[in-house]
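These notes concern the structure reproduced below.
The values are calculated or read from the model by the stated rules, or taken from the named source; none is laboratory data. As the structure is a prediction and not an experimental result, all values here were calculated from the model. Because the Cβ atoms are built from the backbone with ideal geometry, glycine has one as well, and the counts that use them run over all protein chains shown.
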Amino acid sequence: MTGSIAALGAGLAVIGIGIGIGQIGGHAMDAIARNPEATSKISSNMIITAALVEGAGLFGIVVSLLK
């Protein structure tokens, strides 16, 4: 039973990562469409934020798989 609960927690973390990075990318594209001159600044901030979201999500996966 413990393994299935851990798998459920890891799956939820992966879904959260996907939703978070999708939101970041979508909003960044909206911002670039509104202000094309700021593309490099928006892109660099998008990459940093996506990395932070992925790091937090991977931490959630590791915690869910620990017994």
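Things to note:
- Criterion (assigned to a helix (DSSP H, G or I), in contact with an Asp or Glu (Cβ under 8 Å, 6 or more places away or on another chain) and of a type outside the set (Phe, Trp, Tyr)) met by exactly one of 21, 15: 21
- Residues considered: 60, 3. Of these, the only one that is at pLDDT below 90, out of contact with any Pro (no Cβ under 8 Å at 6 or more places or on another chain) and surrounded by 12 or more Cβ atoms within 10 Å (Cβ to Cβ) is 60.
- Of all residues in region 31-57 being free of Cβ contacts under 8 Å to residues at least 12 places away in the same chain and either touching a Pro at 6+ places or on another chain (Cβ under 8 Å) or charged (D, E, K, R) (or both), the one that is nearest to residue 6 (Cα to Cα): 41
- Some residue of region 40-47 being of a type in the set (S, T, N, Q), at negative phi and in contact with a helix residue (DSSP H, G or I) (Cβ under 6 Å, 6 or more places away or on another chain): no
- In region 14-22, the count of residues that are modelled with pLDDT of 90 or more, of a type in the set (A, V, I, L, M, F, W, C) and touching a helix residue (DSSP H, G or I) at 6+ places or on another chain (Cβ under 6 Å) is one or more.
- Top-ranked residue of region 11-30 - restricted to ones that are touching a residue at least 40 places away in the same chain (Cβ under 8 Å) and either under 10 Å from residue 46 (Cβ atoms) or under 8 Å from the mean Cα position of the chain (by Cα) (or both), ranked as surrounded by the fewest Cβ atoms within 10 Å (Cβ to Cβ): 16
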